[in-house]
Amino acid sequence: MTRTRTKDTAVTTPFDPAQATIVAVTFNRSHLLSRLLESVVRMDPKPGHVVIIDNASTDDTTAVVDSFRDEIGSEIVYRRLDENTGGSGGFSEGMKTAYELGSEWIWLMDDDVEVLPDGLAKMGAWTPRFQHVQGRRYDYDGSEFYWQYRVSTSLGIPIPFAPAGFDSSGYREMNSGCFEGMFIHRDLVAKLGLPDPRFFIYWDDTVYGYLASLHTPCAIVDEFVLQRTREIKQWDMGTRHLNASSDMYRYYIMRNRGIMKHYYQANGDYRAVRFAIGTAATFMKELIRLTLVERRITSKGWSNLWRGMRDGWTIATDREFEVMPPLAAAE
């Protein structure tokens with residue numbers, strides 16, 4: 001069934017930082033989570049809640065979280081899951097938790113970023129105009145991090161030549177999303193439903209941002225609000241770059257194309273031939289990543305790509321697959 005497309009108006013109630021919640025997902029990186037929580041201590045203003053979703057870490061994550069409860073200045077809500085559900089499962093649980101807390105605004109992020117002290121104020125300034133906002137990030141070395149904010153819907157891949165600069169408006173409209181910094185209103189979450197945990201990792205935020213853009217204008221704004229704290233090997237192409245990956249990521253990059261297909265199809269945007277071209281382009285991009293960024297070609301790297309393609313096809317042809325329902329329908 002194709003969903004009805006509507007374009008909502010912006011939020012009319014004044015932004016209240018106390019009604020905002022940061023959601024951070026972590027897994028066995030307590031040293032990075034500690035840096036994130038230290039940055040929240042320095043924030044002005046601070047959010048009302050900080051939700052931490054722990055994907056069954058085996059390090060000292062619980063102790064690190066407890067050590068910040070008295071000094072952070074926001075209420076910490078800690079959820080330790082029974083198993084590692086990946087970033088997708090973590091953000092889905094985090095979104096659910098923040099929504100159930102009554103949060104008006106939900107700010108998603110990984111554990112390997114720091115929030116700039118005035119980050120929440122900068123995001124809040126855009127809330128009268130947009131229900132889904134993405135701020136900018138500094139990379140590990142302090143350089144500007146470029147994120148591909150536009151996606152070719154027919155191909156199902158990011159558009160690499162989308163302009164990096166901003167005009168006098170201070171924003172660019174986007175049709176994608178990134179859970180490393182997604183700032184979203186609860187009314188929009190109610191319409192979209194929770195992020196799909198079945199992705200485990202990769203494409204989950206792309207699809208969620210695409211869904212958001214069907215309901216309301218979404219914007220990446222010219223405001224630096226986060227800085228990455230983990231160095232990732234990359235191939236520097238000037239403004240653009242290609243990060244190193246892992247064999248696990250390569251599997252899910254290809255496998256989750258099958259899930260993407262169902263979301264595009266449910267919203268009337270699936271074009272079989274063009275989507276197949278996008279899948280082939282994704283496969284080639286991963287080969288380039290292996291050779292030029294990681295400088296290695298291994299049987300495991302190849303096998304994970306092919307295995308992901310095979311399992312993705314199984315998902316894509318599953319007639320029983322259903323996309324996530326809106327939360328509003330469950331209320």
| said: Within the range 163-181, does at least one residue satisfy the condition of being over 20 Å from GLY48 (Cβ atoms), touching a strand residue (DSSP E or B) at 6+ places or on another chain (Cβ under 7 Å) and aliphatic (A, V, I, L, M)? | reply: yes
| task | Check off (1) within 27 Å of LEU327 (Cβ to Cβ); (2) without any contact (Cβ under 8 Å) to a residue 24 or more places away in the chain for ASP66 and give me the number that stays unchecked. | result | (1)
| query | Quick one: which of ILE315, ILE288, ILE220 is surrounded by fewer than 20 Cβ atoms within 10 Å (Cβ to Cβ) and either assigned by TED's automatic domain parsing to the domain that holds TRP126 or at pLDDT 95 or above (or both)? | reply | ILE315
| Restricting attention to the range 223-258, which residues are modelled with pLDDT of 90 or more, out of contact with any strand residue (DSSP E or B) (no Cβ under 8 Å at 6 or more places or on another chain) and hydrophobic (A, V, I, L, M, F, W, C)? | ILE253, MET254
| strands (runs of 3 or more DSSP E) lying entirely in the range 134-235 (those with 3 or more residues that are closer than 23 Å to VAL23 by Cβ and out of contact with any Pro (no Cβ under 9 Å at 6 or more places or on another chain)) | 182-185, 218-228
| request: Any chance you could count how many residues in the range 79-101 are closer than 13 Å to ILE22 by Cα and either loosely packed, with under 15 Cβ neighbours inside 10 Å or aliphatic (A, V, I, L, M) (or both)? | output: 3
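Residue by residue, here is whether (1) more than 19 Å from THR97 (Cα to Cα); (2) within 14 Å of the chain's Cα centre (by Cα); (3) of a type in the set (Ser, Thr, Tyr) holds:
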position	(1), (2), (3)
TYR171	yes, no, yes
GLU180	no, yes, no
PHE183	no, yes, no
ALA190	no, no, no
ASP196	no, yes, no
PHE200	no, yes, no
TYR208	no, yes, yes
| said: Considering only the range 14-28, I want to know if a residue exists there that is at pLDDT 95 or above, acidic (Asp, Glu) and over 16 Å from the mean Cα position of the chain (by Cα). | reply: yes
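Pick from SER143, SER92, SER57: which is among the small types (Gly, Ala, Ser) and at pLDDT below 95?
Answer to the check: SER143.
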| field | Candidate set from the range 145-183 (those that are of a type in the set (S, T, N, Q) and touching a residue at least 12 places away in the same chain (Cβ under 8 Å)); member that is surrounded by the most Cβ atoms within 10 Å (Cβ to Cβ) | value | SER176
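The values are calculated or read from the model by the stated rules, or taken from the named source; none is laboratory data. Just so you know, these numbers come straight off a predicted model, no measurement behind them. With ideal geometry, Cβ positions are generated from the backbone for all residues, glycine too; neighbour counts draw on all protein chains shown.
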